[in-house]
Structure formats: structure tokens, C-alpha cells
Amino acid sequence: MAKVKAVGILSRYAGDEMEVEGGKSVEELLASLGIPSPLVGIVLVNGRQVEKSYVIGEEDEVKLIPLLGGG
Amino acid sequence: MNGYGGKILRVNLTTGQITKEPTPAHVAEKFLGGRGFGIYFLYTEVPKGANPLGPENKLIISSGPLSGTLTPGAGKMDFTTKSPLTGGYASASVGGHLTAELKYAGYDSIIVEGISPKPVYLYINDDEVELRDASDLWGKGAITVETELKKRLGEEFQIATIGPAGENLVKYACISHDFGRQAGRGGVGTVMGAKKLKAIAVHGTKDIPIADPQALLRLGTEAYKACKASGGFEAWVRYGTSGVTVWSNEVGAFPVRNFQAGALEDYSGLSGETMRQRIVITDKGCFGCPSPCGKYSFSKKYNIYVEGPEYETTALIGGDCVLTDIEDVAYANWLCDELGIDTISVGNVMAFAIECFEKGIITKEDTGGLELRWGEPKVVFTLIEKIARREGIGDLLAEGVKYASQKLGKGSEEFAIHVKGMEVSGYESHNAPAMLLSYMTCDVGAHHNRSWAITYDLQVGRDLVTPDKAERVIYLQHVRPLFDCLGACRLQWVELSIDLGLYPPILKAITGIDRSWEDLLKISERVWNLTRMYWVREVEGFGREWDYPPPRFYKEPVTYGPTKGKLMSWSDIQKLLDMYYEKRGWDKNGIPTPEKLAELGLADIVK
Amino acid sequence: MAVFLHADSTKCSGCKACLVACSLAKFGVNNPKKARLAIIPKFPAPGVFEVKTCTNCGTCAEVCPVGAVKVNEKGAYYIDPNECIACMACVKECPEQVIFTHPDYPVPFECDLCGACVEVCGPGVLWIE
């Protein structure tokens, strides 16, 4: 199972931490959780930024970080 | 006065006279510091109609009450002046260690007046202040000069300097500090160049008087811990602002080909992760920052060290001029830093020039044989050099897109991407009304620092033009610039979401004065309205039409990206302004009413 | 091996929060020029920060002619200002150059392992063990 952590306002949709099965893209994961994709600023997988087309692996740790402020 | 250096340093370059005045308590009470001090002194001391490049204009450099203290991000310095780029109010902020050092030397502000007969630099070593000859530094690059002055004076001196662009009066020259930080926008470096002031070197050893040091240690430590505990901390420290690049392309906020498109076809070469892996060597923080956005890089391809590129540079040079290799952007960034030029304005200006060339408005005859094309690193590098030195076509482009388009005509005004004469920064806003309103009403021209509202558009619906959007913009225009009054960075709040409630107790521990957020926001609103009145005073006929966005945003739909085909309607632009003015207590022409000014305690200043 | 303040310089971003926390904790003032550790920036090249901390090596105690360098309950050497004669021998001999002076104080000062710096460091450069 992959671990998913949702930070800040995104935890409203996914709780602070949850487990999901691998094989789905980040974009699909967001859709299944009802998280509006544009609100997710940075997706980290195992500490590295990925694009939302990234397919989640079974051992991955996914962190969803909202974009609030910008520069 | 607790929380303050206690003195204002006044330097007249014409006469060489240097005076020290006590920091006026009533100004600190009403305007706090930083950009608040800036607009107060600009409004009350610089005569109406002053030539921005003449001796009557002043450069006002101010720290704030948080600067240099144990507060996360307390390292911001404000530079206020009459802008040579826009003819109105300019205030640019720099991080690094300058603001803290100035306070350790015992000063809150430096007010630079007049014009020196020869190039000089200002030397400040605690109470010892003098103007020193800078003839041998004139003509040299900003990084070179900073290195040289530190060698001469000692590593402990903090240096602010201009490069050749400032000397050559390029209208968007910046002031550089700490090997890669800039007070970038509005031509603050141009004013320094006009004054023949090459650099400022500061060293201080004094305590900042603190009302309750024990409380500051306790509350400050708590705030640092809150930053580290933030869920966004890890990503922010790894990527800094460059973490935004992927998202910006995904949502169609990335300016491409002079704001024609909202995303690049392939942006992988510019992503934060690409940058981190390819060029970043050190995380570099400003004073007191627990979450350094500064990414210090080394490019093997060009053999240069550069801080960045940060998001704005990547957006305006990487996106808008279509340089899709991070090392090419890094080299352009380094050139701008060394020459002392604002990367946002210059990126925008170059994209404008390339589009003019594409449309036959500029030809090879104008460019000295250079073919201006998208995605050509050599074109970008050559243009930056030409602009900084005002050579050939660079002389015209050095004036900014507003002036250049008026001069060139032939419809180029339609795609000159600026508001009030300042080039738009890194967020494509054809389909983001709150963000567009932020640019339209920003008090220095089209910059994102006062209000960054595009996430609000995304949250509530980007097609909506509703009163809450105007409200949101006004709220942000009070909160974010408040940090520029306090002399601190807003990013710990913006990016790490630390509680705003942490700040008032810290400010109280420092100054001994109890203020709520509402009190502080009132000060920020006062500052905002005074900056507006400065425009009203300086620009004949100033009003509503000065808040209009570039025609491209309401005449030409987006050509590529997730928002393809979108654009703003003219009636929605009018509606946004109506809602905004009403909520601000301004008249239909966008002028603060006498009642509003009286409510904010500005009636005696704005006569 | 004695307990001391460790620093991983590769993580330092040069913000100096540690120095300010130090001055507040030890002197009750906000002034990084009165800190008991140091950050040396090396820019523009090679673009790194070097953090200097006391390694508790004891050289200061060895060279002190009057026995003013003592050991506190944490095992850290410290200079007793009441006994110090300000000969500056320790300042000169310290191999890490982390015994500091400031014009406001007659005698030098060094880290006593209070830990205030560790708490405010964002990137986790500092630790005591």
C-alpha cells in the first residue's frame, strides 16, 4: 500500500494520512478523493516533486501540498 | 524606542552633508516602519512634480520593527522612491542581511538626497558614516563590486550595490545585495545610478532595544518551531519558489510568448526538481529565515555561481522568452544580477521585442542584424547586454514596454504587457479575475507581491467575477504589504501557513506596544491609501484608466494551455473596478474620498 | 568523548537565527554580534556556509593563566567573568576560533551548551550530543 499525506486545507478531503493501492496516477487519486487538482500545488513522492501524471507505486509515500500564497 | 534602531540617517550627496535625526515616534506609531516610513517620507519630503532622476527625488531605505530580531524571516528592507519607470510610487524590498545590519548600526532608515558630483559609496560602521570615492568601482558589475567591497572592508559588512544598468539609467535597474538578492522593481537602482551612489556598505555591533527579551526568546522560538512543524516545510525548503513552476504550467498560469499562452508545451527542463538536481548547491536564507527559498546554484555549462533562478525569473525568461533549459535561464539570471537589472521587467521587455520582430515592427536593421526569435538563448543574452549598456535597440528597450510601445506604435501598444508602466510579473491572468485585479490595482504597477490571488480564483471558480474577489484582493493588499512595514518576510505565513496570531505578541515583546491584527491592518490600509494619493498627486489626470490591464487580457484569447480560448470581458473589468473602489471607500474614478482619508488619519498629511 | 554542540555546515543557509537566540539566551539582548558560535559565508564561490562551534576541547582551560575557565553541570567549559583577567590567551589559542569578544563586555565568552540555538535552527544544522 502507498501512504498518502495531505497537508493543510487538503486534509479536509483526505484526512491527515491514509493508505491507497498503487497503480493509479496522482491525478486519478485526487479525483477519487474529490480534491480539486488546481489546489494541489506540489506533489512529493518520496520527497521528490512529481507531475500529476505520475503513477503511484505500492511503496510510495505521497505528500499533497496545497498552494496558498505563491511569491 | 524599543524595536527601533532609533535614528534616521540623512545623506545629502550634493553637499556631502550627513546628519542623524531621532526616528520620529509619531511616524513609527502611524506607519510602523519599512514601506510605511518610505511613503511617509516620500510624500512629505519629495516635492510634487520632482524629476525621478533629479536631485529633488530621494531614495528612502527602511527597516522595520521586526527587522534583525528573533522573528522568522525578519530580514526585509524597503526601498521607496519616485519611480523613473512609472512616474509614480515605487517600493521594492530586498531580503538578505542588510536590514538587520542597519539596525545593529543604530538606524531605521537612510534617506539619500541630491546628486553626487562624482561616483561615491556610503560607508556606515556604527556611528562612523562617510561618503567614499567609488570612481574605481563605477562600471563594474554588482557581484564584482560586492566581492571587492567585502575584501576591502571585511566580510562582516553588508553591501547593497548597483551594476552598469543602474549607472546607465536603465529604467528598471535593481539594487543588489547578498550575492543574488535584489530590490528589483520600479527602477530603485536607476535612482541610485542617477545619484551617482554606487553602493552602500553597512556594519553594526549594537543591540536592538527590546521591551521584553525573555518573552521574545520564548515567542520567537515558538514561531520557529511552528515553521519547522509545517506540512509544507520539506517541499518549500527543497525547491523554494521554483516548486511553483510545475503547478503554474498545470493550471495555465505560466506566462509564455509575451503572455499569449498559459503553459509551455514541455516545461520539464524548468521544474523545481530539474533545477535541484542539475544546478542547486546550497540553500541560502535571508536573515532569520528558517525556510530558505534561496537556492544557490552553479552552472557547469556557463561556469557561473548564481542565486536562483527563482520562480519569477523562470517564468519571465524561461516561459515568456521560451528558454526551456534551466541552465540557460540561470545564465540569463546571472547576467541580470551582475549587470543590475530586474529579471521580471527585462524578461517581459524581451518577449515584447521578440513579438515586435515577429510582426515586423522591429527589423534586423533595428537590431544590428540580430534575429529576435523565441527560444534562442543567444538572443536573450545579447538583448540583456544591449539593454544594460543601452546599445542599439537596447537604448529603447531600456525604457520599459510602455514607453517602447508608444515610440514604436504600429499596434504594439496592444501587446505591451504592463499596468501603470510596470511590466506584469509571472502569472498569466486571462482567466483569473482576482489575480488580474491584483495586478490592475497594485500600488507600484503590475506586481504580484501585494496581492497574489490566483489560488483564490482557482478555489472559488476562475470564471466568476463576484464581490468576494474584490474583497479578497483588498484583504491581501493589507496583509501582505504589512510584512513590508514590519521589515519581515511574508513567506512563513504564505507558504508555511504559520498562524498570523503569532506575530502581534512578538511585536509586543519587541516594542512594548500592544497591537492587534486589526490595528496593524488599519496601519496597512493607511499606507495603501497614502500610496494611492501619491499617484494622484504626481500623475496628472490619474484615475480609473490607470488601473486598466493590458489589452491582450481582454482582446486576445489564450493560445495554448488549460485556459486556451479564455479571456476577460471589458464589462467584467469595469465591474471588478466598481466593486473594488466601492469596498475601498474610493470614488468611481478610483480616488480615495476625503472621508476615507480622514478615517485613516491622513487628512493632515494629504492637504 | 565530551558532549558538545555539533554542526552540519552543509545544511546551513546562513540565516543567523542561532546567533540571535544565543545573544538573547545568554546576555538577554538581541544582538548576533554577541553570539557564541559563528557562521562564515563563502560567496560568491564556492557558495557555502561554514558553521563554527565549540568542540569542548578544553584548550581554553589549559591556556588560562588564572584558572578562570571552569566546567558547568553540562560538562561545558565556560569563562567565569569574575575571575577572568581578560588576557585573551584563550581567544588566541582556541583552535576553532569560537571564543568571542564584544566592546560592551570586558571579558571573552564561549558556548556553555544552553541549546537555545538548536531550537530555532530551521534546516537542523545544530545538535548537542
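The values are calculated or read from the model by the stated rules, or taken from the named source; none is laboratory data. Small disclaimer: the values here were computed from a predicted structure and weren't measured. When we count neighbours, we look across all protein chains shown, and the Cβ atoms used for this are built from the backbone with ideal geometry, even at glycine.
A few remarks follow.
- Within the stretch B:28-87, the residues that satisfy the criterion of being farther than 12 Å from B:Val188 by Cβ, in a loop (DSSP other than H, G, I, E, B) and charged (D, E, K, R) are B:Lys48, B:Glu56, B:Lys76.
- From the list B:Thr314, B:Thr274, B:Thr324, the lone residue that is of a type outside the set (Phe, Trp, Tyr) and surrounded by 24 or more Cβ atoms within 10 Å (Cβ to Cβ) is B:Thr314.
- Summed over the stretch B:273-294, residues that are assigned to a loop (DSSP other than H, G, I, E, B), at negative phi and facing chain C (nearest Cβ under 10 Å) total 8.
- Check on B:Phe259, in contact with a strand residue (DSSP E or B) (Cβ under 9 Å, 6 or more places away or on another chain), under 30 Å from B:Pro84 (Cβ atoms), modelled with pLDDT of 95 or more and in the same structural domain as B:Gly308 (by TED's automatic domain parsing): no
Residue-wise test of (1) over 30 Å from B:Ser83 (Cα atoms); (2) surrounded by fewer than 23 Cβ atoms within 10 Å (Cβ to Cβ); (3) away from chain A (no Cβ under 14 Å).
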site: B:Arg185; (1), (2), (3): no, no, no
site: B:Ala199; (1), (2), (3): no, no, yes
site: B:Lys206; (1), (2), (3): yes, yes, yes
site: B:Ile210; (1), (2), (3): yes, no, yes
site: B:Leu217; (1), (2), (3): yes, no, yes
site: B:Glu222; (1), (2), (3): yes, yes, yes
site: B:Ala226; (1), (2), (3): yes, yes, no
site: B:Gly232; (1), (2), (3): yes, no, no
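- Test: residue in the stretch B:395-414 that is on the phi < 0 side of the Ramachandran plot, buried (at least 24 other Cβ atoms within 10 Å of the Cβ), more than 14 Å from chain A (Cβ to nearest Cβ) and touching a Pro at 6+ places or on another chain (Cβ under 8 Å): no
- Restricting the stretch B:273-301 to residues that are of a type in the set (Ser, Thr, Tyr) and touching a residue at least 40 places away in the same chain (Cβ under 8 Å) leaves a set whose member that is nearest to A:Glu51 (Cα to Cα) is B:Thr274.
- Qualifying residue in the stretch B:446-467 (condition: hydroxyl-bearing (Ser, Thr, Tyr), under 23 Å from B:Pro562 (Cβ atoms) and part of a loop (DSSP other than H, G, I, E, B)): yes
- Those strands (runs of 3 or more DSSP E) lying entirely in the stretch C:1-114 with at least 3 residues within 14 Å of chain B (Cβ to nearest Cβ): C:38-42, C:48-52
- Pairing residues of the stretch B:204-216 that are over 17 Å from B:Leu502 (Cα atoms) with residues that are aromatic (Phe, Trp, Tyr), at Cβ distances under 6 Å and at least 6 apart in sequence or on separate chains, gives B:Gly204/B:Tyr104; B:Lys206/B:Tyr104.
- Selection count, the stretch C:56-82, where residues are surrounded by 13 or more Cβ atoms within 10 Å (Cβ to Cβ), in contact (Cβ under 8 Å) with a residue 12 or more places away in the chain and within 20 Å of C:Leu113 (Cβ to Cβ): 15
- Screening B:Ser230 against (1) in contact with a Leu (Cβ under 6 Å, 6 or more places away or on another chain); (2) hydroxyl-bearing (Ser, Thr, Tyr); (3) modelled with pLDDT of 95 or more leaves a single unmet condition, (3).
- Long-range neighbours under 7 Å by Cβ, at least six apart or interchain, first residue within 12 Å of chain A (Cβ to nearest Cβ) within the stretch B:243-272, second basic (Lys, Arg): B:Glu250/A:Lys52
- If only residues of the stretch B:295-306 that are touching a strand residue (DSSP E or B) at 6+ places or on another chain (Cβ under 9 Å) and more than 7 Å from every other protein chain (Cβ to nearest Cβ) are counted, the one that is nearest to B:Glu146 (Cα to Cα) is B:Val306.
- Counting the residues of the stretch C:32-48 that are crowded, with 24+ Cβ neighbours inside 10 Å and of a type outside the set (Lys, Arg) gives 2.
- Figure legend. Inter-residue proximity from the stretch B:560-576: first residues in contact (Cβ under 8 Å) with a residue 60 or more places away in the chain and farther than 14 Å from B:Arg544 by Cβ, second residues of a type in the set (D, E, K, R) and crowded, with 16+ Cβ neighbours inside 10 Å, beta-carbon distance below 8 Å, spacing 6+ or different chains. Indicated pairs: B:Gly561/B:Glu428; B:Pro562/B:Glu250; B:Thr563/B:Glu428; B:Thr563/B:Arg462.
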